[in-house]
1. Read through the list (1) over 27 Å from Gln87 (Cα atoms); (2) part of a loop (DSSP other than H, G, I, E, B), then give the number of the only condition that Gly323 fails.
2. Just checking, does the stretch 308-328 include any residue being farther than 23 Å from Val10 by Cβ, touching a residue at least 40 places away in the same chain (Cβ under 8 Å), touching a Lys or Arg at 6+ places or on another chain (Cβ under 8 Å) and not hydrophobic (A, V, I, L, M, F, W, C)?
3. Could you list, in sequence order, all residues of the stretch 248-277 that are within 20 Å of Gly201 (Cα to Cα) and in contact with a Pro (Cβ under 7 Å, 6 or more places away or on another chain)?
4. Just give me the residues in the stretch 208-219 being touching a residue at least 40 places away in the same chain (Cβ under 8 Å) and either small (Gly, Ala, Ser) or over 16 Å from Ile193 (Cα atoms) (or both), in sequence order.
5. Just name the residue that is nearest to Thr167 (Cα to Cα) out of those in the stretch 240-268 that are of a type in the set (Asp, Glu) and outside any helix (DSSP H, G or I).
6. Mind listing just one residue for me: the one in the stretch 271-303 that is acidic (Asp, Glu) and surrounded by 14 or more Cβ atoms within 10 Å (Cβ to Cβ) and, of those, nearest to Ala22 (Cα to Cα)?
7. State whether the residues of the stretch 54-67 include one that is over 22 Å from Leu290 (Cβ atoms) and either among the aromatic types (Phe, Trp, Tyr) or in contact with a Pro (Cβ under 7 Å, 6 or more places away or on another chain) (or both).
8. Working only within the stretch 272-313, note down all residues that are at negative phi, part of a loop (DSSP other than H, G, I, E, B) and in contact with a strand residue (DSSP E or B) (Cβ under 6 Å, 6 or more places away or on another chain).
Amino acid sequence: MAQRIGAHTVRLERPPSVAAHAGLAGKKEREGPLGACFDKTFEDARFGKKTWEQAEQTLLQNALTLAAGKLPRTCPQPEAIFAGDLQNQCTASSFAFKESGLPFCGLYGACSTMALTLAMAALSVEAGAFRAAAAVTGSHFCTAERQFRKPLEYGGQRAPTAQWTVTGAGAAILAANGGPGNPRITHLHFGTITDLGVTDGANMGAAMAPAAARTIADLLRDTDTTPRDYDLILTGDLGFVGGALLRELLRREGFDLTETHNDCGMMIYDREKQDVHAGGSGCGCSASVLCSHIFDEMRRGRYRRILFAATGALLSATSALQGASIPGIAHAVVIESGERMTDR
């Protein structure tokens, strides 16, 4: 059974494995450094649908379908879906899976949603509620711009600290018996809302970095580990500004991330060649990167232990217009292949 260790972290005694996974992306993401890693990319922003919102639903559906198609014969199909997106009331996810016939749990953690869906799916499988469960997350640049900012036709100038919402999705199917050699979810950490008063909606990295620092520091202390115990500490998606702030905040806490940290928002685009300012954002950013490039690299043996901390800015269009500050959140999971980490 799951066991709480330290103040906030949960250790899974029977860690579920990532039996299958798939990452999808749009045209701009395909043109970035990880373009060849995605299972499927789309040329048209509407994916042949009438609206961007319907296109986002298609992203999520395709991600789960492709992941399920990779499952070994010995692994059951998903018996529940944990999914989320950036649209109001998670409508992209609920519309995408309304005909699945499966139990559905819609989750919203802003850009932290991939870690949140993974954590909830892992808990449900570890507890024996389901033999296999899917964690699915996605976002779409055009739907996010329409909801949170200004219509694309407005052509407003973007601040240097602004990030580009990724058109992408990721799906991971967790199973109690997913087969040998698969990455496993061994620890999870539900973050604490952290609000240091940032009100600039064009600087999400600054709003989310304190929450990421808090979650990572708490997990390291709870497990009595250091950054060197991980092959990679992966955040998503702080971008250039937030990533630098995170490393400075953790340096003050006594943790040096210089050799181990990377951010999905910095990996998915080429900031020199693509007009993305401070990097990528959106919950589809970390979802697509994790469920394609990162899991593939784990299977190849490049990474054996990863601390994945996805970060989210908990604002809405209404709260932003009312001048409210932007609370941050970061949820984390430890993903391992090979020998399991021992809590000291």
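The values are calculated or read from the model by the stated rules, or taken from the named source; none is laboratory data. Note that the structure is a prediction, hence the values are computed from the model and not measured. In this analysis, Cβ positions are derived from the backbone assuming ideal geometry, glycine residues included, and neighbour counts consider all displayed protein chains.
1. Result: Gly323 fails condition (1) only.
2. Scanning the stretch 308-328 turns up no residue that is farther than 23 Å from Val10 by Cβ, touching a residue at least 40 places away in the same chain (Cβ under 8 Å), touching a Lys or Arg at 6+ places or on another chain (Cβ under 8 Å) and not hydrophobic (A, V, I, L, M, F, W, C).
3. Result: His277, single match.
4. Filtering the stretch 208-219 down to residues touching a residue at least 40 places away in the same chain (Cβ under 8 Å) leaves 208-216, 218-219.
Within the stretch 208-219, Ala209, Ala211, Ala212, Ala213 meet the criteria.
5. Taking the stretch 240-268 first, the residues of a type in the set (Asp, Glu) are 248, 253, 256, 259, 263.
Then drop every residue that is not outside any helix (DSSP H, G or I), which leaves 253, 256, 259, 263.
On the way: Glu253: 35, Asp256: 32, Glu259: 29, Asp263: 17 Å.
The extreme case among them is Asp263.
6. Residues of the stretch 271-303 acidic (Asp, Glu): 272, 275, 296-297.
When the remaining residues are screened for being surrounded by 14 or more Cβ atoms within 10 Å (Cβ to Cβ), the result is 296-297.
Values: Asp296: 10, Glu297: 13 Å.
The qualifying residue nearest to Ala22 (Cα to Cα) is Asp296.
7. Taking the stretch 54-67 first, the residues over 22 Å from Leu290 (Cβ atoms) are 54.
Subset that is either among the aromatic types (Phe, Trp, Tyr) or in contact with a Pro (Cβ under 7 Å, 6 or more places away or on another chain) (or both): none.
Scanning the stretch 54-67, I find no residue that is over 22 Å from Leu290 (Cβ atoms) and either among the aromatic types (Phe, Trp, Tyr) or in contact with a Pro (Cβ under 7 Å, 6 or more places away or on another chain) (or both), so the answer is no.
8. Start the filter on the stretch 272-313 by keeping residues that are at negative phi, which leaves 272-276, 278, 280-281, 283-300, 302-313.
Then keep just the ones that are part of a loop (DSSP other than H, G, I, E, B); that gives 272-276, 278, 302-304.
Result: Val276, Tyr303.
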